[in-house]
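The values are calculated or read from the model by the stated rules, or taken from the named source; none is laboratory data. Quantities reported herein were computed from a predicted structural model and do not represent experimental measurements. Cβ atoms come from the backbone with ideal geometry, glycine included; neighbour counts cover every protein chain shown.
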Amino acid sequence: MTFYEKLEQHQQKLSRLSHLSAICGWDQAAMMPAGGNEARSEAMAELAVMHHELATAPHLAEWFEQAEAESLTKEQAVSLKEMKRGWQMSNLLPADLVEEKSLAGSKCEHAWRSQRNDNNWHAFSKNLEKVVELSRQEAQIRAEATGLSRYDALLDIYEPVMTTKELDQLFSDVKSWLPSLIQQVQEKQQSEAVLTPAGPFPVEQQKALSLEVMTKLGFDFNHGRLDVSVHPFCGGVPTDVRITTRYDEEDFTSALMGVIHETGHARYEQGLPAQWRGLPVGEARSMGVHESQSLFFEMQLSRSETFIDLLAPLASDAFDRRNDPALSSNNLTLFNTRVKPGYIRVDADEVTYPAHVILRYEIERDLIEGNIEVADIPELWDKKMTEYLGLSTRCNYTDGCMQDIHWTDGSFGYFPSYTLGAMYAAQFMAAMHKEMNVENLIRERNLSPIFNWLDRHVWKKASTVSTDQLLIDATGERLNAKYFKQHLIDRYLK
């Protein structure tokens, strides 16, 4: 057996442990009774330590050195590079920090579920302070090893090669035109008469509709399922993808669009190349690329007028409201493209959404760099929400700085992925339009060419190329934010 083959075998063991951790995490969020959290947290922390010890085994250094001297195919060389990158990143953190961070994250996330509902910032902040302390330790270790800033070192986990410098430029540009665009769109929409679909919309009928739409979007139910959780997410592994949503009986569109969003994530996972399964090279390229797939499904595709023409009769049939004008194609198009600044990120329209992301990015960047402390977050959140969206969150922590799950487990550096994903998605759609008539395909109920394009240019590429190269191969150029801006102008002002 060659050293490369030994490394592949070793990586498969790590993948199986990650598989177990992913399913345990899904169960903790979707199925586990509250009383099981302490034991589950301890078990998951133990699993994290086992994974870390295996990933950092001392003999791997020699295996990598020997494998690099072997005769490898082009594909194996790329695979080896990705395995080594993961090994180097794993070796940076001591096992006790990995365990402590896992325990602190589980404790913070579990308590957050009730603390958010109670608007209890005081109690939540105590747990968050510990998570931030440990995240700063991790950031410092990674920064010293990579030569990056502390925040960039965490950002690199989710979006390799992306930097604060580039993000600041991208987001500064967005902030230069977004406020006026929001105002123009709102002024234009004032003259549009829109009916709000009136509930109740029973959960069982919403679930049936969600499952039907997931089927039309190509979700493989033999390798995945839909459940309910406090915060919608997509988890599991490519052969067993778990997506969740939350239902509101007064607004079926919230859960439906959430399901479509998570289905985009799931299709990416299910479309990853089987020949690289269990290896880093076979995983999603980055979280920004991952978000590009969910936002392509939810925003680029499903909020388009032609796709809502497909959705509307499905909704009318699901709720037995075939003559309800609020569920007509025209009204649902207007309703699902309504622009109105709001408090909640996951419920935001695609025009105001970047403001939510930029706000979080600016706060977490300064938090990790040590320029601000946890106690400063509520005031900063209120200040930025007022500046960017004209809304105050003073003393409203539930709808303000406590609304997201990401910081509870130390996922600092993740938030930029959402707006990067929106930009990638717009660029993918612009390139797709050059090859096919997307609107006609949707009208003909023929979505396969759309998914086949994504499969060729994104899903099957996995991590065999960099994000930059993936974009160049698919669209002919690196990330260009002009496509995102133009998409918003075309949809909302023309």
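Criterion applied to ALA45, ALA67, ALA39 was being out of contact with any strand residue (DSSP E or B) (no Cβ under 7 Å at 6 or more places or on another chain), surrounded by 18 or more Cβ atoms within 10 Å (Cβ to Cβ), among the aliphatic types (A, V, I, L, M) and modelled with pLDDT under 95, and the one residue passing it is ALA45.
Is one or more of the residues making up segment 150-162 farther than 23 Å from SER466 by Cβ and of a type in the set (Phe, Trp, Tyr)? Taking every residue of segment 150-162 in turn, none turns out to be farther than 23 Å from SER466 by Cβ and of a type in the set (Phe, Trp, Tyr).
For segment 214-236, the tally of residues that are crowded, with 21+ Cβ neighbours inside 10 Å and outside any loop (DSSP other than H, G, I, E, B) stands at 4. Just to be sure, is GLU249 over 30 Å from SER21 (Cβ atoms), of a type in the set (D, E, K, R) and assigned by TED's automatic domain parsing to the domain that holds THR408? Against the criterion (over 30 Å from SER21 (Cβ atoms), of a type in the set (D, E, K, R) and assigned by TED's automatic domain parsing to the domain that holds THR408), GLU249 qualifies.
Scanning segment 267-288 turns up at least one residue that is farther than 18 Å from THR239 by Cβ, basic (Lys, Arg), outside any helix (DSSP H, G or I) and outside the structural domain of LEU17 (by TED's automatic domain parsing). Taken together, the residues in segment 36-94 that are more than 24 Å from GLY282 (Cβ to Cβ), of a type in the set (D, E, K, R) and not in a helix (DSSP H, G or I) amount to 0. Just give me the residues in segment 385-409 being within 22 Å of the chain's Cα centre (by Cα) and either among the polar types (S, T, N, Q) or surrounded by 24 or more Cβ atoms within 10 Å (Cβ to Cβ) (or both), in sequence order. Across segment 385-409, the qualifying residues are THR398, CYS401, MET402, GLN403, TRP407, THR408. The set of residues in segment 177-195 that are under 26 Å from GLU387 (Cα atoms) and surrounded by 11 or more Cβ atoms within 10 Å (Cβ to Cβ) comprises TRP177, LEU178, PRO179, LEU181, ILE182, GLN183, GLN184, VAL185, GLN186, LYS188, GLN189. There is at least one residue in segment 275-285 that is surrounded by fewer than 23 Cβ atoms within 10 Å (Cβ to Cβ), free of Cβ contacts under 8 Å to residues at least 24 places away in the same chain and within 30 Å of LYS81 (Cα to Cα).
Please find, within segment 179-226, the residue that is nearest to the chain's Cα centre (by Cα) out of those that are farther than 24 Å from GLY342 by Cα and among the basic types (Lys, Arg). In this case the residue turns out to be ARG225. Yes or no: ALA22 without any contact (Cβ under 8 Å) to a residue 12 or more places away in the chain, over 18 Å from GLN275 (Cβ atoms), assigned to a helix (DSSP H, G or I) and not basic (Lys, Arg)? No: the conditions fail for ALA22.
Being of a type in the set (Lys, Arg), closer than 21 Å to GLN12 by Cβ, in contact (Cβ under 8 Å) with a residue 40 or more places away in the chain and outside the structural domain of VAL230 (by TED's automatic domain parsing) is a property that holds for ARG85. Of the residues examined, GLU298 is one that is over 29 Å from LEU128 (Cα atoms), within 22 Å of the chain's Cα centre (by Cα) and not in a loop (DSSP other than H, G, I, E, B). SER229 passes every criterion in (1) free of Cβ contacts under 8 Å to residues at least 40 places away in the same chain; (2) more than 30 Å from ARG478 (Cβ to Cβ); (3) among the small types (Gly, Ala, Ser) apart from (1).
Residues that are in contact with a helix residue (DSSP H, G or I) (Cβ under 6 Å, 6 or more places away or on another chain), closer than 28 Å to ASP366 by Cβ, outside any loop (DSSP other than H, G, I, E, B) and touching a residue at least 40 places away in the same chain (Cβ under 8 Å) occur in segment 392-415; there is at least one.
If the condition is being among the acidic types (Asp, Glu) and over 22 Å from the mean Cα position of the chain (by Cα), then segment 139-170 contributes only GLU144. When the test is whether a residue is under 19 Å from ASP240 (Cα atoms) and either assigned to a helix (DSSP H, G or I) or in contact (Cβ under 8 Å) with a residue 40 or more places away in the chain (or both), LEU14 passes it.
Only a single item in (1) surrounded by 17 or more Cβ atoms within 10 Å (Cβ to Cβ); (2) free of Cβ contacts under 8 Å to residues at least 60 places away in the same chain; (3) charged (D, E, K, R) is not met by ARG365, and it is number (2).
Restrict the check to segment 376-383 and report whether at least one residue is within 24 Å of PHE233 (Cβ to Cβ) and buried (at least 20 other Cβ atoms within 10 Å of the Cβ). Yes, segment 376-383 has at least one match.
If you go through segment 480-494 and pick out every residue that is within 19 Å of THR306 (Cα to Cα) and assigned to a helix (DSSP H, G or I), you end up with 8.
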